[in-house]
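The values are calculated or read from the model by the stated rules, or taken from the named source; none is laboratory data. These numbers come from a predicted model, not from an experiment. Because the Cβ atoms are built from the backbone with ideal geometry, glycine has one as well, and the counts that use them run over all protein chains shown.
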Amino acid sequence: MRSTAATFEENAKKALADGKLRDALSRLSEGFPAKRRDAAARLPEFDALRDQARDIKNHVLAHLDFYLEAFEARVTALGGTVHWCRTGTEACDAVLAICRKAGARTVTKSKSMIGEEIAINEHLEKHGIEPVETDLGEYIIQLRHEPPSHIIAPAIHLTKKQIADTFRDKHRQLAPDRSLEEPRTLLEEARGELRDKFIAADVGLTGANMLIAETGSTVLVTNEGNADLTYSLPKVHVVIASLEKVVPTLEDATTILRVLARSATGQDMSVYTTFCTGPKRPGDLDGPDEFHVVLLDNGRTRMLGGEFHEMLRCIRCGACLNHCPVYKAVGGHAYGWVYSGPMGAVLIPGLIGLDEAGHLPNASTFCGKCEEVCPMRIPLPSMLRSWRRLQFEQRKTSATSRVGLGLWAFLARRPRLYRLALGLGIAVLGKLGRAQGRFRWLPFGGAWTGLRDFPTPEGRTFQSRWQRERSGGRR
Amino acid sequence: MSDPRAHILGAIKDALRHARLPESARPNNDESPAERLGDHRANLIPARGKLGSKARIDLFIREAERVNATVARVSGLGGVPREVARYLSKNNLPTTLKIAPAVAEPVIPWTTQTLLTVEQGRAKGSDTVGVSRAFAGVAETGTLVMLSGPGNPTTLNFLPPTHVVVIAAADIAGDYEEVWARIRKAGAGGGKGFMPRAVNWITGPSRTADIEQMLLLGAHGPQRLHIVIADDEIPRP
């Protein structure tokens with residue numbers, strides 16, 4: 001997918017002015033966090049399971065080469081094929097080659113963030129193969145030619161009215177004056193449109209929530225059942241997954257599953273959790289004849305072992321998005337690439353570079369909620385801080401902010417001078433603003449005063465007040 | 001340029017050799033990966049499912065109903081046809097069934113219900129009611145565990161809008177780990193290891209909240225999931 005992360009500031013301004021998006025995002029912030037809280041409260045072991053989930057991934061990442069080779073050996077023994085791909089282009093070519101060999105005209109597809117990352121739909125379309133998104137949310141945004149705005153709720157930014165308009169516009173064979181008021185009617189219409197596509201598809205393309213080294217299985221977690229129709233009806237099943245998705249055993253996958261849905265939607269378990277292990281067996285009445293796993297690196301090995309290593313524990317539950325004040329204000333599209341929210345702000349610069357995505361680590365209030373709810377206990381705020389530090393070190397921030405930070409650092413390392421300068425500044429501001437009680441404009445403070453007034457300081461610094469209070473307390 | 005596989009594995013080995021990880025990223029023991037694969041030991045299992053058989057079945061039913069499944073109990077497999085006929089007529093549903101070979105005659109005496117038309121095999125787009133047999137249930141979350149195989153086509157779980165699942169009470173386990181242990185023993189992999197092509201955990205009927213976060217049942221999979229528990233059946237091998 002082409003990135004617009006570089007224009008995050010403009011994207012965010014546009015998002016903030018979009019009333020429909022406001023409504024959609026306020027629904028999100030009421031829904032998911034409360035459901036997660038309830039699900040966590042229902043399971044006394046929830047936090048202990050999060051610790052274990054973190055430990056499993058730490059172990060896997062420390063032995064990643066071993067587990068990937070073990071996974072590949074199992075898949076091969078089952079009669080499947082693993083395709084190793086360094087880049088999105090290699091992965092797209094691998095999928096296309098499989099589709100061509102199968103003589104595919106249509107490919108059904110269940111939701112996959114890796115699919116978005118490598119832009120597989122555009123690639124297939126360009127080569128005359130029709131990709132059909134089957135997850136309801138993904139189907140809607142495919143019709144609208146939009147990227148997903150949330151990892152697990154891709155059409156979260158749309159109202160039912162917008163969806164109805166899209167269906168009326170795209171499903172031209174249906175009566176133009178039909179009623180599309182009810183969400184149920186919209187669902188039935190999409191279900192009807194997709195039914196025949198499922199059955200006619202030549203290749204089924206899915207993502208994977210995990211890969212299991214022990215058994216060569218791929219794990220799929222969904223609620224609609226579209227992924228299960230996607231892999232069980234066509235002749236060929238292709239799984240696209242990034243390499244950090246591997247876990248050792250069925251038992252390890254189970255532990256992670258216990259925290260995944262609870263963190264994501266607040267369900268104890270998603271409706272359909274599927275373990276696919278190779279192609280059809282002798283005597284099976286259904287299932288694919290071919291099983292392929294397209295294994296993608298795309299920048300992950302660069303993150304391994306370094307400062308952003310822990311980001312590779314992410315299981316894409318979306319909890320950090322649902323709890324992020326910045327995400328809840330601007331939505332997913334503003335981030336400008338496949339991922340969004342705190343996990344996106346850490347991952348995107350790692351995958352497409354700090355030059356393109358440098359704004360994202362700065363789009364944070366450091367409130368810490370993301371780390372608090374992360375089932376894999378990823379230290380997201382400290383990694384956002386690392387990106388900011390790198391930005392500063394590599395001189396990728398503006399000259400003004402570098403000079404400002406340099407000045408501040410100079411003062412901060414000289415406490416006496418710092419106190420003096422601050423005390424002086426505050427005394428002057430206090431005097432100047434006494435009459436009004438606020439400033440409508442301040443030199444170098446335009447970013448603040450452009451949107452709100454700056455209150456007049458009360459004449460003394462916090463530190464001096466603190467000192468006085470403490471000595472007062474001792475009296 | 002080396003081939004992608006060698007390149008990726010080389011990059012991983014290189015990164016791990018030079019890794020400088022903070023405490024929070026380090027493995028908490030030096031267990032070897034080969035050992036871990038061989039032992040496949042269970043991690044923490046929540047206490048919730050660790051119950052005696054009666055309480056376990058009750059929890060299974062409660063959890064399944066919480067996620068919008070319906071549950072009925074019959075004394076044995078012989079009682080299944082009558083329950084299925086009752087359920088379908090009560091909900092005004094078609095009475096033609098597509099059933100899995102695993103629940104065909106003589107396992108279940110369908111001919112005792114003349115109201116029902118029964119056909120065996122994989123699901124087609126036009127089928128309205130699918131009937132299959134669960135390998136196990138998990139009380140912890142009211143989850144059904146379905147194994148693919150000649151007796152249980154996967155498509156029956158997903159294509160028909162109504163799914164009826166038959167399960168023996170004795171097959172209801174407390175937690176998932178117990179079921180993995182049974183699957184490791186069952187040999188349902190058709191000669192390719194212990195895993196069948198598809199293991200499907202099913203927790204309630206299909207749903208979506210993609211339109212304004214409103215919960216709707218029956219997105220692509222079945223809108224109705226009816227679980228029939230046969231009490232006196234012996235557990236599956």
**Prompt:** If A:Ala208 satisfies every condition in (1) closer than 23 Å to B:Trp201 by Cβ; (2) in contact with a Phe, Trp or Tyr (Cβ under 9 Å, 6 or more places away or on another chain) but one, which is the exception?
**Reply:** (2)
**Message:** B:Glu63 - would you say it is touching a residue at least 60 places away in the same chain (Cβ under 8 Å) and acidic (Asp, Glu)?
**Reply:** yes
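Which one of A:Leu424, A:Leu384, A:Leu420 is buried (at least 16 other Cβ atoms within 10 Å of the Cβ), out of contact with any Cys (no Cβ under 6 Å at 6 or more places or on another chain) and of a type outside the set (Gly, Ala, Ser)?
After ruling out the rest, the residue left standing is A:Leu384.
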**Asked** Within region B:22-58, restricting attention to residues that are aliphatic (A, V, I, L, M) and under 28 Å from B:Phe194 (Cβ atoms), which residue is surrounded by the fewest Cβ atoms within 10 Å (Cβ to Cβ)?
**Response** B:Ala34
**Asked** Regarding B:Thr162, is this residue crowded, with 22+ Cβ neighbours inside 10 Å and at the interface with chain A (Cβ under 7 Å from one of its Cβ atoms)?
**Response** no
**Item:** Residues located in region A:332-376, provided they are surrounded by fewer than 22 Cβ atoms within 10 Å (Cβ to Cβ), touching a Cys at 6+ places or on another chain (Cβ under 9 Å) and not in a helix (DSSP H, G or I)
**Value:** A:Thr365, A:Cys367
**Request:** Take the residues in region A:36-67 that are within 7 Å of chain B (Cβ to nearest Cβ) and hydrophobic (A, V, I, L, M, F, W, C), then tell me which one is farthest from A:His323 (Cα to Cα).
**Result:** A:Phe66
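One line per residue, one yes/no per condition, for (1) within 15 Å of B:Thr143 (Cβ to Cβ); (2) within 12 Å of chain A (Cβ to nearest Cβ); (3) not small (Gly, Ala, Ser):
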position	(1), (2), (3)
B:Ser206	yes, yes, no
B:Gln213	no, yes, yes
B:Leu225	yes, yes, yes
B:Val228	no, no, yes
**Item:** In region A:431-475, residue surrounded by the most Cβ atoms within 10 Å (Cβ to Cβ) [restricted to those that are of a type in the set (D, E, K, R) and at pLDDT 85 or above]
**Value:** A:Asp453
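Could you go through region B:168-188 and let me know if any residue there is basic (Lys, Arg) and either closer than 19 Å to B:Leu97 by Cα or more than 9 Å from chain A (Cβ to nearest Cβ) (or both).
yes
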**Request:** Check A:Pro325, A:Pro282 and return the single one that is over 20 Å from A:Leu229 (Cβ atoms) and without any contact (Cβ under 8 Å) to a residue 40 or more places away in the chain.
**Result:** A:Pro282
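Within region A:250-259, can one find any residue that is part of a loop (DSSP other than H, G, I, E, B) and surrounded by fewer than 24 Cβ atoms within 10 Å (Cβ to Cβ)?
no
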**Complete:** Requiring at least 1 residues that are of a type in the set (Gly, Ala, Ser) and more than 14 Å from chain A (Cβ to nearest Cβ), the strands (runs of 3 or more DSSP E) wholly within region B:31-129 are B:70-74
**Fill in**
The correct count of residues that are within 8 Å of chain B (Cβ to nearest Cβ) and either out of contact with any Phe, Trp or Tyr (no Cβ under 9 Å at 6 or more places or on another chain) or under 23 Å from A:Arg105 (Cβ atoms) (or both) in region A:174-197 is 7
**Request:** Give the residue, chosen from B:Ala139, B:Ala219, B:Ala169, B:Ala198, that is in contact with a helix residue (DSSP H, G or I) (Cβ under 9 Å, 6 or more places away or on another chain) and under 22 Å from A:Ser217 (Cβ atoms).
**Result:** B:Ala198
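Would it be correct to say that B:Pro196 is within 8 Å of chain A (Cβ to nearest Cβ), within 30 Å of A:Gln162 (Cβ to Cβ) and part of a loop (DSSP other than H, G, I, E, B)?
So B:Pro196 does not fit the description; no.
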